[in-house]
1. Between Asp257 and Thr177, what length in nm is gained on full extension when 0.36 nm per residue of separation is reduced by their alpha carbon distance?
2. Note down the magnitude of the dipole of the stretch 38-269 about its Cα centre, charges +1 on Lys and Arg C-beta and -1 on Asp and Glu C-beta and zero elsewhere, to the nearest 20 debye.
3. Return the equivalent ellipsoid semi-axes of the stretch 11-144 as a descending list in whole Å, where each equals the square root of 5 times an eigenvalue of the C-alpha gyration tensor.
4. Can you list the residues, at least 5 places off or on another chain, whose amide H is less than 5 Å from the amide H of Phe161, using H built in the peptide plane?
5. With a 10 Å Cβ neighbour count serving as the proxy for reagent exposure, in which order, fewest first, do His208, His383 appear?
6. How large is the translational diffusion coefficient of the stretch 295-375 in µm² per second when you combine the Kirkwood radius over alpha carbon pairs with Stokes-Einstein at 10 °C and 1.306 mPa s?
7. How would you rank 326-333, 81-88, highest first, on the average number of other Cβ atoms within 10 Å across their residues?
8. Taking R0 as 30 Å, what FRET efficiency do you get between Asp304 and Glu43 from their Cβ-Cβ distance, rounded to the nearest 0.05?
Amino acid sequence: MVDREQSTPEPTQSTPEPSQSPPARPSSLSRPLSSTAVFGAEELAHTPVHYGAPLREQRALLEKGAIVDLPHLRVLRLSGADRLTWLNTITTQKLDTLAPGASTETLVLDPNGRIEGWLKLVDDGEALWALSELRTDETLEFLRKMVFMMRVEIEDVSEEFQAIGAVVKLPDSLPVTQLWTDPWPHIGAGSASYAQVDLGFEVAGEDHPGLETQFVIGIVPRADLATTSASEFTMAGYDAWEAVRIAAWRPGVNEIDHKSLVGELDLLRTSVHLAKGCYRGQEAVARVHNLGQPPRRLVFVHLDGSGHILPETGAEVLAEVRGSERSVGRLSSVARHWELGPIGLAVIKRNLAADAPLSFDLGDAGDRVAAAQETIVAPVREHDIDLPGRNKDTDMRNQNR
């Protein structure tokens, strides 16, 4: 007979901390044995990245109503009478007047205005549904600490619900509980654009490529997906989703690092309301918006595809600065697009010339991939601030100059 008390292993340093994310759940959408799904790695280990034809899948996503499995997205549900007014006070978006069925997104910032969490939101009149793929456990911990006496309940319902993505609309046969419609690239009320194509405009510029792509994400009960076969739909992989996102200049979690500011990525247009009440990081956002410039800027890059090799995500961006080649940023996302060829998004130093040629190191071989940048976030924003005039009758400074 086993002595259970003695056989219990002692905790070791390798034991996961409670704050670590649980392993991502596989998709609940059933697949036939003949499925050609190829899965990713790490957080995408249970997400189909392609089905053998990534370029055709991009076209199917854009033109043929294909859907994309997104089981790595966490699904949260916030209920209670104070859910909207409470979240409005601690995140960047104005949420206290969010209408049922309306979609938006909001950010959790640190006191210095750096991005720590990112929630895609839709309210159904009784609960606020949120999708998260950026530091979700840390975001949940912060939210739960901030509830205090408010009438709010926060649940992680990822075990019961799963995200499915599409462009424009999901198939009618898919049993969607809630639908999040991406506000990108429209400029929300109380928000602002940092993109060169519509800087200072109240609406998205006609040349903004994001206007060509309307992303939607459905929240679907896993129990219903388990009785639904992928063979009933046209499927596209996550690689296709990412390629279409990059082409739309849409920032994603890859663009965010430990020092990301909202202005660097043009996220104010959909995620931040500049005229609402205070929240953590609000002063830093207002200071940059009204008086300064973001230290970095997001650019779209066209990569040289003649070598048939793409640099990896995270590769250093190299450019000539004062006569020598230096690192000026990092490649945050990269894909091979079915129409545009090799493309990517990069976060680079703001003061790098907008026409400066870029290159990326391919690694040990010493080979380089050349790239041309296309401006997304403007290198310089003008500030139009009315400052109070000096009363010369009472302020006598410099009167004799």
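All of the numbers you see were taken from the coordinates with simple rules; none came from a lab. Small disclaimer: the values here were computed from a predicted structure and weren't measured. All Cβ positions, even for glycine, are placed from backbone atoms using ideal geometry, and neighbour counts span all protein chains on display.
1. Length gained, Asp257 through Thr177: 25.6 nm.
2. Working: 19 positive and 37 negative charges, 22 e Å.
Dipole about the Cα centre, nearest 20: 100 debye.
3. Details: eigenvalues 189, 100, 38 Å².
Working from the Cα gyration tensor, I get semi-axes of 31, 22, 14 Å.
4. So Phe161 has HN proximity to Arg222.
5. Ascending Cβ contact count within 10 Å gives the list His383, His208.
6. 127
7. Values: 326-333: 20.2, 81-88: 18.8.
Highest to lowest by the protection proxy: 326-333, 81-88.
8. 0.50
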